[in-house]
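No lab work stands behind these numbers, since they all come straight from the coordinates. Predicted, not measured: the structure shown is a model, and the values here were computed from it. Don't worry about glycine lacking a Cβ; one is built from the backbone with ideal geometry, like all the others, and counts go over all protein chains shown.
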Amino acid sequence: MWWSRKFASRSLRLHRLKSTASSGSTGSSGSNRSTRSTGSTVPREPEQSLGIIGVPFAKGQGKQGVELAPDLLRQSSLRQVIQSSHDGLVIRDYGNLQYAVDEPLLQQQRVHYHHIRNYADFMACNRALIEQVKLMLAENTQFLAIGGDHAIGFGSVAGHLQHSPNLSLVWIDAHADINLHSTSQSGNIHGMPVSFLLEQLRNTWQHAGLQEIAPNCLPKDQLVYIGLRDIDPYEAFILNKVGIRYYAMDTIDRVGVPKIIEMTLDALDPQNKIHVSFDIDALDSNVAPSTGTAVRGGLTLREGISIVEALRDTKRVQGVDLVEINPKLGSERDVRTTVESGLEILKSMFGYRRSGRWSNIDTGILGSD
């Protein structure tokens, strides 16, 4: 396949992060003042920086391949695409997350959660991701976590909550991912991460040690779903019983994306930072076919871009996930289409404006006013 010919292994370890960040940064640096062509100086805006972590975790579901997505996106010019959308952004790539499963987690799995596939790996990965997110936000103004499957949403959001307790979450997905260990029919934990984050559901994971590893919960009124169209019966019950705001595709079709954006922004606390967790299967399978649980009738690429543009323009988005791209599913064209759709979402999220923008150009070409 085109990507396998292009693909180069990049298994970077966490102990190399500081050297990677310092040697790999791009964008503005140095003096905090800039010079106009006239020779006068004006204060430069505070440095905007983005930390990127790959999370090649595939054990939240049964289809191998999602673990290849972080490096495939890098090989597909991820860094250059983001940089071109925001030329003043400093980008630090922290490589791929590493984790180790310990005996206490294996004991939890054997005794309490044996019916969930790969519970110990899930918790080990997400514990490491929580710490990684805290590190990235200590060193950057934003972070991007690239999966892997959506099981990583737990650690990404939980780590973000520890840094920014006043947080709103927009979960853009075909699926609600809010099953409990007692309600999941498949045992696939990529369908459960949101249930770890809400205080109302925390007692259903009483043996998971969440108070120690993820003490901050997400308020139910600061969670908004967009794009749902494959909701399990127990998930539908939980969403309605707990009172979680969600906009399924039938609602989106009825009122339109602009209204959905308006209602979403109205629901979010204007003082909060925002976390956007974007599952590529939120997009219709025509534009994102290479994903493990594709569902037809989803968002168009234009609708997905419109949603992330509106969130970006709040200037409060601090954390982003992009998950569930699977290069082993579909044809070469399918994979290329899915990767390109993911890159378009990220490009718009981090600054690209379809209406155009200018910077670092000679504005005197038309003469003086």
> K315 to V111: FRET efficiency via 1/(1 + (r/R0)^6), r the Cβ-Cβ distance, R0 56 Å, to the nearest 0.05?
Replying inline: 0.75
>> Can you compute log10 of I(q)/I(0) for region 136-252 with the Debye formula, treating each Cα as one identical point scatterer, at q = 0.11, 0.17 Å⁻¹?
In response: -0.35, -0.85
> In whole Å, what is the distance between the alpha-carbon centres of region 72-86 and region 89-115?
Replying inline: 27
>> Compute the helix-to-body angle for 233-242: its Cα long axis versus the longest principal axis of the chain, expressed 0 to 90° and rounded to tens.
In response: 70
>> If you take every residue apart from G159 with its C-beta less than 15 Å away from the C-beta of G159, what net charge results, scoring Lys and Arg +1 and Asp and Glu -1?
In response: -1
> Under 5 Å between amide H atoms, partner at least 5 residues away or on a different chain: which partners does I325 have, H built in plane at 1.01 Å?
Replying inline: I280
> Using modelled backbone amide H atoms (1.01 Å from N, in-plane), which distant-in-sequence or interchain residues come within less than 5 Å of N96's amide H?
Replying inline: L12, G54
>> Report the Cα-based extents of the chain along its three principal axes, largest first, to the nearest Å.
In response: 73, 50, 44
> Among I53, I213, I146, whose mean-square fluctuation peaks in a Gaussian network model of the chain (Cα, cutoff 10 Å)?
Replying inline: I213
> Under a point spin-label approximation (7 Å from Cα along Cα-to-Cβ), what is the S77-Q185 distance to one decimal in nm?
Replying inline: 4.4
> Using a Förster distance of 35 Å, how high is the FRET efficiency between T204 and D269, based on the Cβ-Cβ distance and rounded to 0.05?
Replying inline: 0.85
> Taking the simple approach of a point 7 Å from Cα along Cα-to-Cβ for both R353 and D87, what is their distance in nm?
Replying inline: 1.4
> Between the helical axis of 301-312 and the dominant principal axis of the chain, each derived from Cα atoms, what acute angle in degrees is found, rounded to the nearest 10?
Replying inline: 80
>> Checking the cross-link filter: which lysines have an alpha carbon closer than 27 Å to that of K259, excluding same-chain neighbours under 8 positions apart?
In response: K220, K241, K273, K315, K347
> What full-extension length gain, to one decimal in nm, is calculated for D250 and E103 as 0.36 nm per residue of separation minus the Cα-Cα distance?
Replying inline: 48.4 nm
> Once both axes come from the Cα atoms, what is the angle between helix 119-139 and the longest principal axis of the chain, in degrees from 0 to 90, rounded to 10?
Replying inline: 20
